[in-house]
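What follows is a set of notes on a single structure, which appears directly below.
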Amino acid sequence: MAVRHFLRLSDLSPAEARQVIARAMALRARPDPAFRPFVGKTLAMIFTKNSTRTRVSFEAGMARFGGHALFLHAGTTQLGRDEPIADTAKVLSRMCDAIMIRNDSQADQQELATHSRVPVVNGLSDSHHPCQLLADMQCWFEHRGDPAGKVAAWIGDGNNVCHSWIEAARLFGFTLRIAAPRGYEPDAAIVAAAGGHAVLVDHAGAAADGADLVVTDTWTSMGQEAETAKRLAAFSGYQVDRALMARAKKDAVFMHCLPAHRGEEVSADVIDGPQSVVWDEAENRLWAQMALLEFLFGVH
């Protein structure tokens, strides 16, 4: 059977994506400490970027299922001494059962997958963050039911997380309205591939009006610190605050992949308020990734 990789959300079909989400919800609702399908399995985790949720969720998930996770900081491996990615892939995939990589390059992830005998999972790249969207979709299902036919509002940078939200809109059948400052829009090809499921609008209010869900992300991502002042100016008017949330539906929920900067992309009274589901969203990284690994290993 061909090896399945998970480098972007669209690597799953709509039916497969729903299958993984349903399994993640079942795992969270009825955890079974005696169920240990990963005994003897090892996940290699390659990191070139800092992490809290990605590292902890993958390590904890492997441990809960009886497996083991290896933390590999790229700077302390031979990748840090310019070993070709293809060589690293060939070695790791002879010793481990899956590879998770969190780095700056979607292209490097693709090369890793091309030369790997085992599943490769994108823990974050410059272009996509698909594991985050599995957790986000699980959270939406749990709090407000099936997203199909509903509207989500993306407020802020058209970044890697936004790209995965765009793919989620097509896979799960909802509309994503995107409000981003000029020059910070998402990749046009990714928007086009989503058809009518992704719509760019002129301002934050237009995105939030009547939305079922409002989501944002930091204005300055890792590696962009030198642009902070420029970005703060560009994103003025794109903060998710009470006034913006009031334009969404009364029962709209707020999401953020974290880490958050209160007073910048979101006000404290929103992220810490009653409409926020960010802590469930963060926890779901664990359950969604456990379900994903089961799927990739062929357990379910």
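Using +1 at the C-beta of Lys and Arg and -1 at the C-beta of Asp and Glu, which of G40, L92, C257 has the Cα lying farthest in the positive direction of the dipole of the chain? Checked the options; the winner is G40. Per-residue ellipticity at 222 nm computed for the chain from its helices equals -12000 deg cm²/dmol, with DSSP H segments shorter than 4 residues left out and the rest contributing -39,500 (n - 2.57). Each of the peptides 95-106, 185-196 was scored by the mean count of other Cβ atoms within 10 Å over its residues; in descending order, highest first, they stand as 95-106, 185-196. The local environment of A89, defined by Cβ-Cβ distances under 11 Å, has a net charge of -1 under the rule Lys, Arg +1 and Asp, Glu -1. Relative to the longest principal axis of the Cα atoms of the chain, the long axis of helix 278-297 lies at roughly 40 degrees.
Looking at region 9-155 alone, DSSP beta bridges between its own residues are antiparallel in about 0 percent of cases.
Straight-distance candidates among the aspartates and glutamates for linking to K150, with alpha-carbon spacing under 17 Å and chain neighbours fewer than 8 residues away dropped: D136, E142, E167, D209, D212, D251.
Packing here is the average count of other Cβ atoms within 10 Å per residue, and on that basis the peptides 130-143, 59-72, highest first, run 130-143, 59-72.
Can you give the local net charge around E16? Use residues other than it whose beta-carbon is closer than 14 angstrom to its beta-carbon, Lys and Arg +1, Asp and Glu -1. Mind dumping the intermediate values first?
Details: positive: R4, R8, R18, R23, R170; negative: D11, E167, E294.
Value of the local net charge: +2.
For the chain, a crude dipole built from +1 on the beta carbon of Lys and Arg and -1 on the beta carbon of Asp and Glu, taken about the Cα centre, is about 700 debye to the nearest 20. Region 146-171 to region 196-223: how many Å between their Cα centroids? Rounded to whole Å, the Cα centres lie 8 Å apart. Quick check: net charge around F38, other residues with Cβ under 15 Å of its Cβ, Lys/Arg +1 and Asp/Glu -1? In short, 0. What you get for region 145-300, charging only the Cβ of Lys and Arg (+1) and of Asp and Glu (-1), is a dipole of about 340 debye around the Cα centre. Computed from backbone phi with θ = phi - 60° and the Karplus coefficients 6.51, -1.76 and 1.60, the 3J(HN,Hα) list for region 8-16 is 8, 4, 6, 5, 9, 6, x, 5, 5 Hz; x is used for glycine and proline.
Report note on the peptides 36-48, 112-124: ranked by the mean count of other C-beta atoms within 10 Å, highest first, their order is 112-124, 36-48. As a proxy for reagent exposure, Y238, Y184 were ordered by neighbouring Cβ count within 10 angstrom, fewest first; the result is Y184, Y238.
Quick note: the coordinates plus some simple rules give every number you see, no bench work behind them. Because the structure is a prediction, the values reported are computed rather than measured. Glycine gets a Cβ as well: all are built from the backbone with ideal geometry, and neighbour counts include every protein chain shown.
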